[in-house]
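The values are calculated or read from the model by the stated rules, or taken from the named source; none is laboratory data. Note that this is a predicted model, so its numbers are computed, not measured. Cβ placement follows ideal geometry from the backbone for every residue including glycine, while neighbour counts extend to all protein chains displayed. The accessibility values were calculated without ligands, DNA or RNA, using every heavy atom of the protein model including side chains. Shrake-Rupley method; radii C 1.70, N 1.55, O 1.52, S 1.80 Å.
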Amino acid sequence: MRNSSHLTLSLIAAGILAACSTTPPQNPALTDARATYNTARSNPQVTQLAPLELKEAGDTLDKAETARNRGDDEATVNQLAYLTAQKVAIARETAERKQAEIDIERASARRDQVRLEARTAEANAAKQKAEMAQQIAEQRAQALAAANAQSQRDQTLIAARAAELEEARRQAALAQQASDQHAVALAEANAEAARAQAMLDQQQQQLNTIKAQQAAAAEQRARELAEANARAEQAQALLAQQEAELKELNARKTERGMVITLGDVLFNVDKATLSAGGVSNVKKLADFLKSHPDRRVVVEGHTDSSGSASYNQALSEKRAAAVETELVEMGIQSDRIATRGFGESAPVANNETSAGRQMNRRVDIVLPDESATN
Amino acid sequence: MTTTSIQSHARLPLYAAASLALGLLAGCAMTPPPSQQMAVSRAAVESARAAGGNQYAPVELQQAMNKLDAAEQAMAREDYAEAKKLAEQAEVDARLASATAHSAKAQRASAAVEEDIRVLRQEIDRVAR
């Protein structure tokens, strides 16, 4: 601050020049200007960023102080105080502008950094998306390849089925043809069958007729058979009867038929005539033969070995003839009788003994078997 | 000061006396026409307008322009002391308007960059999710 001597001088000078106004020692405008300048000067932002502007404000303040101290009129001091205040304000605004520019500088760097981060994040996200899309695309490609392979297989199958179908159609056409042919043949066959059926019916009718006839004939035959059976039974009965009769006649069965032996006692000794017993035997035979007119007899005479062969031969023949004669007289026709003499050629016993000889002296009457199938 | 119909030659001593009186009344010495100051002040006002003072420092700019007009008027009536004073004030007012406009624009730009950063950070967060 200025010393009091300067102040006094200023006051005196101001008093001398005081033609228009008085200058009070304290100027409010200047005081305010000084205060605002001091505040700005203690603000590091202002001192660092707007030193020139602050200095200009300070210079103007000095001028204002000087003017006051010199005792210049109030208007001048006020003017300088006003200019000072405005210049201080300019310094402040300048400092703020520069600070804002510094902030912009720093912020731009940060923004570039953050922009880089953002772009990186975007790029990573896009990359992830792309990778996922790639994966999906690969999966889809695989699925498509599988589907294609499947489609190929299906195509092959379809082609095979189509070929089969074609073949089947062809076969069906052939079968249809064959069927048509068969239908024609069938129609013919049916006609044929109808004709055959007609014939068959006819034949059936004929057959029926024949059957009826045959049935009648069979009946007839059955009747005949029955009759024959009856006859056979009759014959059997007759035969049985005959046999029984023959048994009564003492006939014995041989391979030649029934044989009745008229023994020696039935003849007169050394004669060819029948005894009474002989006659009765021959009578039984004759009855038999009358009962059975279909039977024949073969009379065979035999002798023993005594005497000559020729003699015996004649004798045997005579004996056989005697039987025949007897039979004829009894009513048996001679064509039913055959005679033979065997002489001594067919002995049935030992001629050495008398019993034996007696046995050899016989007449065999053979009744040949007259079977129903004769 | 109204002009009379007196001839210019006769006006001079009248004006001289008037100026002296005014100068004495003003308490200062007789000042020459402050042409340089006027030029500087006009330039400063133009500069303030160009810097966007209308938008960012309308009050200060209007004040500067008013004072410049008043200075022009003082020049016209040859009140050079008044003209100089008003012109000086118009100059600092215009310079303050410029500084305010520049500062405001810078601060807006700074805020814009901060906003960009905020938006970018949001993007990162969104993408990171």
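Quick one: is A:LEU238 buried (at least 18 other Cβ atoms within 10 Å of the Cβ) and in contact (Cβ under 8 Å) with a residue 24 or more places away in the chain? No.
The residue of the range A:1-56 that is least open to solvent (accessible area, probe 1.4 Å), among those that are assigned to a loop (DSSP other than H, G, I, E, B) and modelled with pLDDT of 95 or more, is A:ALA50. Taken over the range A:66-82, the criterion of being in a helix (DSSP H, G or I), open to solvent by 10 Å² or more (accessible area, probe 1.4 Å) and without any contact (Cβ under 8 Å) to a residue 60 or more places away in the chain is satisfied by A:THR66, A:ARG68, A:GLU74, A:ALA75, A:THR76, A:ASN78, A:GLN79, A:LEU80, A:TYR82. The single residue among A:ASN190, A:ASN148, A:ASN124 that is under 30 Å from B:ASP125 (Cα atoms), open to solvent by 80 Å² or more (accessible area, probe 1.4 Å) and of a type in the set (S, T, N, Q) turns out to be A:ASN124. B:PRO58 passes every criterion in (1) open to solvent by 60 Å² or more (accessible area, probe 1.4 Å); (2) closer than 18 Å to B:GLU46 by Cα; (3) facing another protein chain (nearest Cβ under 7 Å) apart from (3). Of all residues in the range B:94-118, those satisfying the criterion of being open to solvent by less than 60 Å² (accessible area, probe 1.4 Å), more than 15 Å from the chain's Cα centre (by Cα) and more than 7 Å from chain A (Cβ to nearest Cβ) are B:ALA104, B:ALA111, B:ALA112. None of A:ARG115, A:ARG111, A:ARG97 is assigned to a helix (DSSP H, G or I), at negative phi, within 9 Å of chain B (Cβ to nearest Cβ) and open to solvent by 80 Å² or more (accessible area, probe 1.4 Å) except A:ARG115. With the condition kept exactly as written, say whether any residue in the range A:267-277 is part of a helix (DSSP H, G or I) and loosely packed, with under 12 Cβ neighbours inside 10 Å. So far as the range A:267-277 goes, yes, one or more of its residues are part of a helix (DSSP H, G or I) and loosely packed, with under 12 Cβ neighbours inside 10 Å. Among the residues of the range A:320-339, the one identified as in contact with a strand residue (DSSP E or B) (Cβ under 6 Å, 6 or more places away or on another chain) and surrounded by fewer than 16 Cβ atoms within 10 Å (Cβ to Cβ) is A:ALA338. Comparison of B:GLU91, B:GLU82 shows that the only residue that is within 35 Å of the chain's Cα centre (by Cα), more than 8 Å from every other protein chain (Cβ to nearest Cβ) and surrounded by fewer than 22 Cβ atoms within 10 Å (Cβ to Cβ) is B:GLU82. A search for C-beta distances below 7 Å between a residue of the range A:18-36 that is under 18 Å from A:ASP62 (Cα atoms) and any residue that is among the hydroxyl-bearing types (Ser, Thr, Tyr) and at pLDDT 95 or above, counting only pairs 6+ apart in sequence or on different chains, returns A:ALA29/A:TYR82; A:ALA33/A:THR84.
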